[in-house]
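Just so it is clear, none of the values below were taken in a lab; they were calculated from the coordinates. All of these numbers come straight from a predicted model, not from anything done at the bench. So basically every Cβ, Gly included, is an ideal-geometry build from the backbone, and we count neighbours across all protein chains shown.
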């Protein structure tokens, strides 16, 4: 009873905080202008953005399955994608219920009777792997940003790239040797995940007829992706828009356009996540690869 009330209380606070952040952003920008920007977007580019976002999620599911195979559960890629899609739906549309990662862990633990520690480990490592590549690519983009305030610190970005990969490599090798065989392959998939999402954002920029400052918008997007992972808001709603707003101010970009990019990316995410509702009502049958 107490745990249930606590969960509902946390969910309420997340929803409240999301609305507060959105209210704050929309008091700082011209909502009518944002609406006009969104209405004028080109559908063909948005369709391409949607396609590359889907590709990024399929690659992300493949990365997770690499980890799942290391605990001797040899899910087929199709079964894993269905489970991954259901997890996306739970993360975004059922915040008061079981989270997407928690649900995937619960299903794997229940059906295959693996150790809880092993399941939690692969789910956490999968998330950290993705965050690492977002950070690395953010640092790479920062090296090429035409921003005078960053010039004294650019050498630090280069050092951060090397150190972050080295630390994560040592962390995996020392504490999670059972998944170490897929370290570089999972890292490569993470790179592809982030690159396809950046391509998706590039198509959003084209859909909005944004010219110039491409590198800056991509940099803001990656920073917003890191912030949106923090469990402070409902599916990153609000936090991503705040980052896009302040990022635009800091880098001298148009705030209305910046927030429009954020909103379109969220709508694409929501549309894909909503597909998981099918597996909410009819839970996916998990099948293993034939040996």
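Restrict the check to segment 264-277 and report whether at least one residue is buried (at least 21 other Cβ atoms within 10 Å of the Cβ), on the phi < 0 side of the Ramachandran plot and more than 15 Å from the chain's Cα centre (by Cα).
Scanning segment 264-277 turns up at least one residue that is buried (at least 21 other Cβ atoms within 10 Å of the Cβ), on the phi < 0 side of the Ramachandran plot and more than 15 Å from the chain's Cα centre (by Cα).
Against the definition (assigned to a helix (DSSP H, G or I) and free of Cβ contacts under 8 Å to residues at least 12 places away in the same chain), how does residue 212 come out, yes or no?
Here the answer is no, as residue 212 does not meet what is asked.
Scan segment 54-80 for residues that are more than 14 Å from residue 189 (Cβ to Cβ) and part of a helix (DSSP H, G or I) and jot them down.
54, 78, 79
For segment 268-291, what are the residues that are in contact with a helix residue (DSSP H, G or I) (Cβ under 9 Å, 6 or more places away or on another chain) and assigned to a helix (DSSP H, G or I)?
268, 269, 270, 271, 272, 273, 274, 277, 278, 279, 280
Does residue 141 qualify as being buried (at least 18 other Cβ atoms within 10 Å of the Cβ) and either free of Cβ contacts under 8 Å to residues at least 60 places away in the same chain or under 20 Å from residue 223 (Cβ atoms) (or both)?
In short, yes.
Spot the failing condition for residue 146; the list is (1) assigned to a helix (DSSP H, G or I); (2) loosely packed, with under 12 Cβ neighbours inside 10 Å, and only one is missed.
The number of the failed condition is (1).
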